[in-house]
Amino acid sequence: MENFFYAGKFYSDIEELMEDLEIDEETIESMPDFYQCKKGKLEPLVELDAEWILERIDEERFSEDNNEREYERINEALSSVDFAKVNEKIPKMWYESYEKFEITKADLYEHL
């Protein structure tokens with residue numbers, strides 16, 4: 001098992017969890033029968049597109065009488081951006097998924 005979350009904390013593998021919880025041969029029997037975890041999913045920090053950018057523009061910078069036209073011109077300029085290429089370069093991080101699984105004592109023994 002790699003890249004998962006236990007109690008809201010990210011772990012790259014079971015060994016890292018065991019080290020963090022100080023699980024060893026002497027303490028394993030006193031541990032819970034299993035740990036409820038969530039699988040991790042690698043996702044970009046943000047996915048950019050023209051709509052995302054347009055929603056964040058400060059309307060106070062526009063003239064009062066030309067607001068719609070200014071949005072149209074910005075949208076037109078953004079249409080030349082290859083957002084797929086931009087988004088490929090956006091950093092990714094591990095986030096909790098809704099998919100749960102259990103790490104049992106047997107799994108822990110296997111990694112001692």
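When Lys38 is tested against (1) among the charged types (D, E, K, R); (2) farther than 30 Å from Leu112 by Cα; (3) in contact with a Phe, Trp or Tyr (Cβ under 7 Å, 6 or more places away or on another chain), exactly one condition is not met: (2).
The residues on offer are Glu70, Glu64, and the sole one that is surrounded by 14 or more Cβ atoms within 10 Å (Cβ to Cβ) and more than 30 Å from Ala7 (Cα to Cα) is Glu70. Hey, could you check segment 26-54 for residues that are among the hydrophobic types (A, V, I, L, M, F, W, C) and in a strand (DSSP E or B) and say which is modelled with the lowest pLDDT? Checked segment 26-54; the qualifying residue modelled with the lowest pLDDT is Phe34. Selection of first residues in segment 61-74 that are over 16 Å from Ala50 (Cα atoms) and of second residues that are among the acidic types (Asp, Glu), restricted to Cβ pairs under 8 Å at least 6 apart or on distinct chains, gives the following pairs, ordered by first then second residue: Phe62/Glu70; Ser63/Glu70; Asn67/Glu59.
The values are calculated or read from the model by the stated rules, or taken from the named source; none is laboratory data. Quick caveat, the model's predicted, so the values are computed rather than measured. Positions of Cβ are generated from backbone atoms using ideal geometry, with glycine treated the same way; all protein chains shown enter the neighbour counts.
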